[in-house]
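*Asks:* I'd like to ask some things about the structure below.
The values are calculated or read from the model by the stated rules, or taken from the named source; none is laboratory data. In this text, all values refer to a predicted model and were calculated from it rather than measured experimentally. Cβ placement follows ideal geometry from the backbone for every residue including glycine, while neighbour counts extend to all protein chains displayed. Calculation scope for accessible area: heavy atoms of the full protein, side chains included, ligands and nucleic acids excluded. Shrake-Rupley method; radii C 1.70, N 1.55, O 1.52, S 1.80 Å.
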Amino acid sequence: MAHLICEVVYRGIFQKNLASRITRGIVLSARKAGRWGIAFGRYGDSPQRNGIPAKDFAIVADSKEELEQHMARYEPKELHVTICVDDTLGKGVESWAWYGLQPINRLLLPDGHLLVTSTQSPDDLLKDIHTKDSPYHLWILPGKASFGGLWVYKEDHTEVRILGALAKIAPQFLSIDAVSEAIREAEWGSDLKVDSARKAYERIESRPVRITEGNPETPYAFELPRWWEMREGVTIPSLPIGKPIEGTKGYRPERSTVFKKFSTRTMRPVIDFDTCVKCTLCWLQCPDSCFDVMPDGLYDANMESCCGCGVCEAVCPVHNCITMVNEAAFEDNASQWEMWRRDKDAYKVWLTEKIQDKVHVARSHGFRYRGQYEEELASGSDLGGRPVTEGIPGENAEEKGLPSTVHVHESASIVTGIPEAPGA
Ligand code: SF4
Ligand code: SF4
């Protein structure tokens, strides 16, 4: 009797189809080898919201009875493999279904496997991933955070590359031949995809992680009220009014004490306080009331409540005053304004480095400029892949390709590829 339990940790909405295709692929591959399996999402992650961390699970077992035994749980509490499809989630998972910040490796069994799609090195990733009281293996599948399967389907082969990697990690459950067979026979039906899975199988490498390695911080957590502490009836208290800071010169609004949004971000705003004209637009427009009013009238985005939506960057009228930067470029949630106040020259150096780092500035979802989607499609799938426009066999293949004339047309519409009128 043997079983394999995997979770896929992903960004809600953006990666929900990707995650469900991975867990479904795990089960289909296991069935090819005569095993039983089930794929399901976590109840507490529904409804999903843009970017909020969520989980899908796949359980594979030698027999139907053993599978049923493992299904008789709300959700798995111990895992053989965690698959993380957005490396900014290496900082931890804070979803609707979890209270506080759950380290990405928390549920891994000793000697378990953490597989991350990332362009970062293992050492860079380990700056974010919390230490664990047992050793485990870190696997990196080279590639950016994919949103394959979103409304415009982006064929970057991430799901099959992960299946190929998993065949290397757990060969006793998913042989590469079974994975290949499942990919070929499933709706994907593509030799191109089988090639991608096999490449990942051959190239994926791991690194052992010792218990001393990783981010040593204590993850944010809080005590849930006991049943006898709960008030009678249904009361939804409003948030109390905020407090002045530094005498009465500044102001910090009161915020949720339980949902800190440390891990909902894939990007965070970086602010150039020297060019800010104090127009208040960021403060007014931030949907999460993130901005503290500082004693000098500047606005500091508080990283305990920022979800990384980018609205502040969009409304700021000053060029490059607010720039969204990939979350992977940061190691803490400290106040930028305090850093700026301490040493303005050092802050300028820090800010320049953050916003010029092209690897990190690339958004993991969403687009920075019109035409970026066409450029991404034309440049092909992530490392080691082929251009998507080579053609994709299978259902709806024609709709998934792009007309060759619109790959990098700067003013092309994202959805249709049809050049737009000036000023559109
Ligand atoms: S990205 Fe900007 S607008 Fe969005 S939550 Fe953070 S501070 Fe607020
Ligand atoms: S929107 Fe930009 S310029 Fe206006 S207060 Fe905020 S940071 Fe300053």
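*Asks:* So, by mean Cβ neighbours within 10 angstrom, what's the order for 57-63, 117-123 with the highest one leading?
*Replies:* Result, highest mean first: 57-63, 117-123.
*Asks:* Starting from a Cα-only point model with no solvent, please compute log10 I(q)/I(0) by Debye for segment 163-317 at q = 0.20 1/Å.
*Replies:* The Debye formula, applied to the Cα set alone, gives -1.21.
*Asks:* Right, here's the next one. Using the per-residue mean of other Cβ atoms lying within 10 Å as a proxy for protection, in what order, highest first, do the peptides 65-72, 235-242, 262-269 fall?
*Replies:* So the order, starting with the most tightly packed, is 262-269, 65-72, 235-242.
*Asks:* Over segment 43-192, one equal point on each Cα, no solvent: what is log10 I(q)/I(0) by the Debye formula at q = 0.16 Å⁻¹?
*Replies:* Result of the Debye calculation: -1.07.
*Asks:* For segment 216-276, which GluC sites (Glu not before Pro) pass both filters: DSSP loop (anything but H, G, I, E, B) and at most 15 other C-beta atoms within 10 Å?
*Replies:* E217, E223, E232, E246, E254
*Asks:* Let me ask something else about it. Accessible surface of I83 in the full protein assembly, 1.4 angstrom probe, to the nearest 10 Å²?
*Replies:* About 0 Å², ignoring ligands and nucleic acids.
*Asks:* Okay, moving on. Could you sort Y99, Y201, Y43 by their accessible area in this structure, using a 1.4 Å probe and putting the largest first?
*Replies:* The ranking, largest first, comes out as Y43, Y99, Y201.
*Asks:* Past the 26 Å Cα-Cα mark, which pairs from K77/K144; K91/K243; K243/K278; K261/K344; K64/K199?
*Replies:* Violating the 26 Å limit, Cα to Cα: K77/K144; K91/K243; K261/K344; K64/K199.
*Asks:* Which order do the peptides 305-315, 16-26 take when ranked by the mean count of other beta-carbon atoms within 10 Å per residue, highest first?
*Replies:* Ranked by mean Cβ neighbours within 10 Å, highest first: 16-26, 305-315.
*Asks:* Now for a different question. Can you give the accessible area of W36, probe radius 1.4 Å, in Å² rounded to 10?
*Replies:* Only protein atoms counted, so the area is about 90 Å².
*Asks:* Given axes a ≥ b ≥ c from the Cα gyration tensor, I'd like to know whether segment 208-289 is rounded (a/c under 1.5), prolate (a/b larger than b/c) or oblate.
*Replies:* oblate
*Asks:* Still on this structure: Run the 1.4 Å probe and let me know the accessible area of K168, rounded to the nearest 10 Å².
*Replies:* 70 Å²
*Asks:* What is the pair-distance distribution P(r) of segment 280-332, computed from all Cα-Cα distances in 5 Å bins starting at 0, with each bin given as a whole percent?
*Replies:* All Cα pairs, binned at 5 Å, distribute as 4, 20, 30, 27, 15, 4 percent.
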